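Below is one structure, written out as structure tokens; comments come after it.
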Amino acid sequence: MDLLWQTAINAMYAASYMALIAVGLVMIFGVMGVINFAHGELYMVGAYCVVFLYAQEKFPFLLSVAAGLIFVGIVGLLMERTMFRPLRKNPLGGLIASIGFLLILQTLAVLGFGRRMGHVPPPTQGKIEIFGAILTYQRLFVIVAAILLLAALWAFLKRSKFGWALRACAQDAEAASLQGISMNQTARIAMFIGAALAGVAGALTAPLVSPSPYIGHSIIVTAFIIIIVGGIGSLEGAVIAAVLYAFVHTFVTTFFDGVIANIVGLALMFAVLVVRPTGLFGARERA
Amino acid sequence: MRKTLDRKLSRRKFLGTTAASGAALAATGTGLSRVSFAAADTIKIGFLAPFTGPVAAWGKPGYDGCLIWADWVNAKGGVKIGGKSHKIEFVGYDNEYDAGKARTGATKLIKEDGVKFIMMLGGDTWPGVEKIAAREGMLFSTLLPSDLSPDTKTLVAPCEVHPIYNVTGVEWLAENKKNLKTAAICAQDDALGKPSVATYLAAFEAAGIKMVDAPLFFDPATTDFAPVMTKLLAKKPDILCLDTCYADYVHPLCEQAFQQGYKGQIISCTADFYQKIVEKTSKDFMEGFVFQFPDFDDPALNAKEVNFVKPNEFYTEYAKRFGAKEWSAVSWEYASIMDLWADAAAKAGSAEPGPVLKAMKAGGTGKHAFGDAKWWGKELFGIDNALVGNWPVVVIEGGKAKIKAFKSIPAWWDKHSKLMIKHMTALGQMWNQR
């Protein structure tokens, strides 16, 4: 029983940070129509914000996480202005530009922090026991922060004028434009939010992983699987698929092994694509 | 929340371009600037190892060690070959631990740079180079003798007999902590992890220690090690074995073990940058951690049997140039291979790969860093191209690595070779199975 609880707790943690990353990726794709291949590197930059501010410069951990969120959001704005906006009519160009940007971010991380993993001392070593399973405060913090951030995003999209504008642009950019909604402004907001979510995921998890300039590779692969399973463009789908993927992957790792877990994760994606090609929550493409 | 955000790219395009772009990302290789001084009698040595990526800890620090080696040797006039002194220049190439990039690097080093010898980490990168080595007759070295086979006639493993030396750690543990009866093991699923798992399984069996579960293999792309550790600890093993996991995995695995309340014995092939693990866990948690790679400031390395030249001074110089916390398992290894190479080249009177190899293996023995050793490996690798002798067992005490013993690998092999072959065969790691 302890093992089941421990595995469930592990899965909840994995689901929470994966959801943040996947939702950010979906935001960017949904509003701007761009596949941001550098999204994993935005996660990496968020993690290195904590390496620099918290581990090296000794700023408080929470302040470093907040700085990571804002800084990566600003990097997102930079990407939107310099790459995605000029290439708005050429989504494939945007994708290729994002690959170039990915390499730039990796190289900057290598130049700034070296080639090897960054070291982040744990902000706390406290833990609680739940039905015999151990949950560290650090992991609990990631779970709670992810829930709060996603709830805030939901409220923003549902209740605010900017949120309506974002949804309108995502639904039909031309019609939204005719209603006086600025595409540039909504793209900026989407890019800031999408990048900031990846950044804050990296910042929150930095003490729990080994941040390295290349950590984005494995993150982006998982994020793509999740958004394909959830339905490309669906925010709800991304959250639900993150939870589904994290639970499947974590339970299979624990009760079989990690390699089989990856195979099962990919099989899950293929099964969803075969049964429901648009993903679990994806909408059918218009002709 | 709206259910679906619209797309400007079709789903099919998204899937197609995502896959294509992923493939395109694999197409970069990195030529590194050489350590250069344009002397007429300079011999170039290739260094083809990962300088970046998760395996970088077993490439870059070795290159740094070579820079010290070259500076020391060149300051004395270089290597004397055929009555003439030659300075040594290292030409590095970052293969990112990728076979394709290793192939490109080997071609460049041989064809463009004209190197006389190439040092590699080996493992997953060796298959990319094997045909070039055979075709060009170039002398290569690997840290991973599991790359050896009867076909790899110009490949030697003259320093690290990975993973065979891991038996010494288990043997020492069994002799000194007799209360430990069970173990659990995990490893990344790759050419480095699997033969090491087979070795540990053989060593545990030889020591009478039972495995509580089948080995747990995880994907090298794993970033969250909580599920891995949960599974490992589920059956409450006395010993947690971290196999030959990369530093990027050993650290989070240890942290997870600490967080999930493990209080037992840990054994691992490496514990690179262990000070950081101590920082992330505690001195108490890491007390007694057994691994195989000493810090070279250890006074035990001054024993007369040890052949490595000035180990303590080497460590001091390394720490001065690159920082003590940058010291890794391989910091000294490539430099020790260069000692062997220089010795063989001097004996051969030539830097050409063929004569050097012949001189290196002459008499079937050689001066390994940790003592005199013999060329061995026929039964396990199909060729006697691994130099094997004693290997240190290192234990963390009070937050610092200390050599506890030098143990003989051939002595273990003489008693338990059948067990090793059994487990290597079971995991498909014998030379004729790979």
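Of the listed requirements (1) touching a residue at least 60 places away in the same chain (Cβ under 8 Å); (2) open to solvent by 20 Å² or more (accessible area, probe 1.4 Å); (3) in a loop (DSSP other than H, G, I, E, B), B:H86 misses just one: (3). Just name the residue that is surrounded by the fewest Cβ atoms within 10 Å (Cβ to Cβ) out of those in the stretch B:259-282 that are away from every other protein chain (no Cβ under 12 Å) and small (G, A, S). In this case the residue turns out to be B:G264.
Among the residues of the stretch B:397-420, those identified as under 21 Å from the mean Cα position of the chain (by Cα), of a type outside the set (D, E, K, R) and open to solvent by 20 Å² or more (accessible area, probe 1.4 Å) are B:I403, B:A405, B:F406, B:S408, B:P410. Check whether at least one residue in the stretch A:178-187 is under 14 Å from A:L78 (Cα atoms) and not polar (S, T, N, Q), and report yes or no. Taking every residue of the stretch A:178-187 in turn, at least one turns out to be under 14 Å from A:L78 (Cα atoms) and not polar (S, T, N, Q).
May I ask you to verify whether A:Q125 is surrounded by 12 or more Cβ atoms within 10 Å (Cβ to Cβ), of a type outside the set (A, V, I, L, M) and at pLDDT 90 or above? The answer is no for A:Q125. Residues of the stretch A:249-267 that are open to solvent by less than 40 Å² (accessible area, probe 1.4 Å) and either more than 11 Å from chain B (Cβ to nearest Cβ) or of a type in the set (S, T, N, Q) (or both): A:T250, A:T253, A:T254, A:N262.
The rows are residues; the columns are (1) basic (K, R); (2) within 23 Å of B:P392 (Cα to Cα); (3) within 14 Å of chain A (Cβ to nearest Cβ).
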position	(1), (2), (3)
B:L143	no, yes, no
B:V197	no, yes, yes
B:Y200	no, yes, no
B:E205	no, yes, no
B:K210	yes, no, no
B:D219	no, no, yes
B:F225	no, no, yes
B:K236	yes, no, yes
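Looking at A:V275, is it closer than 23 Å to B:D224 by Cβ and modelled with pLDDT of 90 or more? No, not satisfied. Annotation note: of A:V51, A:V72, A:V31, A:V23, the sole residue that is open to solvent by less than 20 Å² (accessible area, probe 1.4 Å), away from every other protein chain (no Cβ under 14 Å), of a type in the set (V, I, T) and in a helix (DSSP H, G or I) is A:V72. Among the residues of the stretch A:183-217, write down those that are in contact (Cβ under 8 Å) with a residue 40 or more places away in the chain, polar (S, T, N, Q) and farther than 29 Å from B:E279 by Cα. The answer is A:N184, A:T186. Of all residues in the stretch B:133-155, exactly one satisfies the criterion of being open to solvent by less than 10 Å² (accessible area, probe 1.4 Å) and either in contact with a Lys or Arg (Cβ under 8 Å, 6 or more places away or on another chain) or on the phi > 0 side of the Ramachandran plot (or both), namely B:L139.
Going by what's in this entry, would A:L197 be described as more than 8 Å from chain B (Cβ to nearest Cβ) and under 21 Å from A:G68 (Cβ atoms)? Answer is yes for this residue.
Taken as a whole, the structure leaves A:M18 outside the set of residues that are in contact (Cβ under 8 Å) with a residue 60 or more places away in the chain, more than 26 Å from B:K280 (Cβ to Cβ), within 12 Å of chain B (Cβ to nearest Cβ) and open to solvent by 10 Å² or more (accessible area, probe 1.4 Å). For the stretch B:156-205, what are the residues that are open to solvent by less than 10 Å² (accessible area, probe 1.4 Å), in a helix (DSSP H, G or I), of a type in the set (A, V, I, L, M, F, W, C) and in contact with a Pro (Cβ under 9 Å, 6 or more places away or on another chain)? Across the stretch B:156-205, the qualifying residues are B:V197, B:A198. On inspection, A:I232 does not qualify as closer than 30 Å to B:P252 by Cα, β-branched (V, I, T) and within 11 Å of chain B (Cβ to nearest Cβ).
So, B:A75, is that one under 20 Å from B:D147 (Cα atoms), among the small types (G, A, S) and surrounded by fewer than 24 Cβ atoms within 10 Å (Cβ to Cβ) or not? No, not satisfied. Considered as a group, the residues in the stretch A:203-227 that are surrounded by fewer than 24 Cβ atoms within 10 Å (Cβ to Cβ) and closer than 19 Å to A:R276 by Cα include one that is farthest from the other protein chains (Cβ to nearest Cβ), and that residue is A:I225. Within this structure, B:A214 fails the test of being outside any loop (DSSP other than H, G, I, E, B) and closer than 18 Å to B:H423 by Cα. Of everything listed in (1) in a helix (DSSP H, G or I); (2) open to solvent by less than 10 Å² (accessible area, probe 1.4 Å); (3) within 24 Å of A:Q138 (Cβ to Cβ); (4) not hydrophobic (A, V, I, L, M, F, W, C), the single unmet condition for A:G194 is (3). For the stretch A:172-185, the candidate set comprises residues that are assigned to a helix (DSSP H, G or I) and surrounded by 15 or more Cβ atoms within 10 Å (Cβ to Cβ); within that set, the residue that is nearest to the other protein chains (Cβ to nearest Cβ) is A:A173.
The values are calculated or read from the model by the stated rules, or taken from the named source; none is laboratory data. Fair warning: this is a prediction, and the values are worked out from it, not measured in the lab. Note: ideal-geometry Cβ built from the backbone for every residue, glycine included; neighbour counts use all protein chains shown. The protein model used for the area step is the full one, side chains on, heavy atoms only, and it has no ligands, DNA or RNA in it. Shrake-Rupley method; radii C 1.70, N 1.55, O 1.52, S 1.80 Å.
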